[in-house]
1. Please specify each residue of the stretch 36-79 satisfying the condition of being farther than 18 Å from Ser91 by Cα and either surrounded by 13 or more Cβ atoms within 10 Å (Cβ to Cβ) or not basic (Lys, Arg) (or both).
2. Scan the stretch 72-127 residue by residue and report those that are assigned to a strand (DSSP E or B) and either at pLDDT below 65 or farther than 26 Å from Glu44 by Cα (or both).
Amino acid sequence: MLQLLHVSVLWIYLHLPSLLCDNLLCYYSPILEKEKTFKFIVTECPPDEMCFKADGRYGNHSALSARGCMAEKDCSQMHELRLKGTVYIMSYACCDRPYCNACLVVTAKLFSITATLVTVAVMASSL
């Protein structure tokens, strides 16, 4: 029972900002070559926008990255980007928790599935 309480508190902590209609805090970085480092900047997304992490690919090579905010309708889309004479395919993955674009691509669906599995496991172990 205590484990279920911990999972519930964690879920509320991660989703409370969106439930209260606060603007989401995300990390921002411009489109950069993967080898270049950039100290992330914290940014506040406008209402109805989510955090994103972008990956720019040249063939099978992941060459570019970016982070920031975007409208949910633009998430999971791909488009071409010409940079320094090279055409990259940019793909975007969005998430809806504060600072969720800090690490590698983590989507809201993946988190929801994981949380559901943890909850089922906790409930099953308490039977």
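The values are calculated or read from the model by the stated rules, or taken from the named source; none is laboratory data. Please read these numbers as outputs of a predicted model, since none were measured by experiment. Glycine gets a Cβ as well: all are built from the backbone with ideal geometry, and neighbour counts include every protein chain shown.
1. Correct list: Thr37, Phe38, Phe40, Ile41, Val42, Thr43, Glu44, Cys45, Pro46, Pro47, Asp48.
2. Correct list: Glu80, Arg82, Leu83, Thr86, Val87, Tyr88, Ile89.
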